[in-house]
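S.K.: Structure in structure tokens, see below.
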Amino acid sequence: MQKRSYQQLPCRYRPYDFPSAFPVLAFLGDYWQIDSAAPQYLHFHNGLEIGRCLGQDTLLYRESGNPLLFRAGDYSLVFPNQMHLMAGVGQPGQWEFIYVEPKRFLENVSGQGDELWQLFYLEQRISPLISSRLQPRLSFYLDHIFQELHRKQPLYQDAACGMLFAFFAELNHTAVQNGQDPLPPSPDGSLCIRTALSWIYEHYAEPVSVRDLAERCHVSESHLRRLFHASVGISPLDYIQHYRIRQACHLIHLNRDPINVIAGNVGYSSLSSFNRQFRQYLGQSPSAWKKEHLSSPWMHEVRSYEDPGTRYVFQI
């Protein structure tokens, strides 16, 4: 499968309904096989996906960057809203997965969810491939997290939370040591990016311009653009549009409001502008995407613990 073909695939949204007290879902055991057939869709989640390759080589394709090869013992790290797909090399790959709602998790564990979530989201530029040979400390934490969720001994959720928090901290340390610090080098740059992200998260449904963001961050528009490219990899305006469209996908998935209402709820003053941006990011019109998404539920899409069709996959 060539890079050009997978980047043109349709996109699907796979949401997960995370418990409030322990916002972690574990799909463990031998239930999860990665098909070796040519994938039909890219997809993205509303949570962090941590995968463990149990056997057979597997390729991870992303919306940007080259495909990555995973072997038995490797871990994958896919951040919320990142388009991706996996395909077994020659035969199906065997995997286990943990999904985490990072913002809620960090709020529960540290009481500093807002500040830590900004740092966490910036770290998504880190490579999604984690191997015991190259990142032994990261692998150590992930090994123990999976072990705790498998064994389910007394206080296993507390142990898993502690290890997961330590993993997030080590992830940030690793980025800094490798010269991939996700934050700008100067204190004012760090504060600027945090301020901009906080405003976008809270006010994306309102009219937001780069000038407004720059004024709130007390920097020039050109400086804000430079900081955004250095920290997030795209421009502030692209980030806003990207975030709005992902939020729209979640609202479309809920299927409670018509498309024109959803367009207004995520910050678009006209339906034509929403349609144009939606098609640019997902390759389909909102109505076509809705029809296809709602008519073809995914086999392993989990909406809650009470779904009898998928309850058997839960190990926590």
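S.K.: Give a residue-ordered list of calculated ³J(HN,Hα) values for segment 279-287 (Karplus: 6.51 cos²θ - 1.76 cosθ + 1.60, θ = phi - 60°; whole Hz; x for Gly, Pro).
M.R.: Using θ = phi - 60°, the values come out as 5, 5, 8, 10, x, 9, 6, x, 5 Hz.
S.K.: Taking amide hydrogens as modeled 1.01 Å from N in the peptide plane, which residues meet the under 5 Å criterion relative to VAL89, leaving out close sequence neighbours?
M.R.: Here ASP57, THR58, LEU59 satisfy the definition.
S.K.: Using the basic label-point model (7 angstrom from Cα toward the beta carbon), what is the SER269 to ARG71 distance in nanometres?
M.R.: Going by the 7 Å Cα→Cβ label model, 5.6 nm.
S.K.: With a cut-off of at most 13 other beta carbons within 10 Å, and DSSP calling the residue loop, which trypsin sites (Lys or Arg not before Pro) in segment 226-268 qualify? Please list them.
M.R.: Details: sites: ARG226, ARG244, ARG246, ARG256; in loops: ARG256.
Those that pass, being in a loop and sparsely packed, are ARG256.
S.K.: Explain nothing, just compute: Karplus ³J(HN,Hα) = 6.51 cos²θ - 1.76 cosθ + 1.60, θ = phi - 60°, for every residue of segment 242-259 in order, whole Hz, x for Gly and Pro.
M.R.: 4, 5, 4, 5, 5, 5, 5, 4, 5, 5, 5, 4, 5, 6, 9, 10, x, 4
S.K.: A follow-up question, please. Show me, for segment 212-223, the HN-Hα J-couplings you get by feeding each phi into the Karplus relation (A = 6.51, B = -1.76, C = 1.60, θ = phi - 60°), rounded to Hz, glycine and proline as x.
M.R.: Ordered by residue, 3J(HN,Hα) equals 4, 4, 4, 5, 5, 8, 6, 9, 6, 4, 5, 5 Hz.
S.K.: Also, quick follow-up: Give the order of TYR13, TYR204 when sorted by the count of other beta carbons within 10 angstrom, beginning with the fewest.
M.R.: Details: TYR13 20, TYR204 17.
Going from least to most buried by this count: TYR204, TYR13.
S.K.: Which cross-chain or sequence-distant (5 or more) residues have an amide H under 5 Å from the amide H of ARG12, H modelled 1.01 Å from N in plane?
M.R.: Under 5 Å from the amide H of ARG12 lie the amide H atoms of LEU42, HIS43, PHE44, each far enough along the sequence or on another chain.
Rule-based calculations on the coordinates, nothing more; no lab input. Just so it is clear, the structure is predicted and the values come from calculations on it, not from any experiment. Glycine gets a Cβ as well: all are built from the backbone with ideal geometry, and neighbour counts include every protein chain shown.
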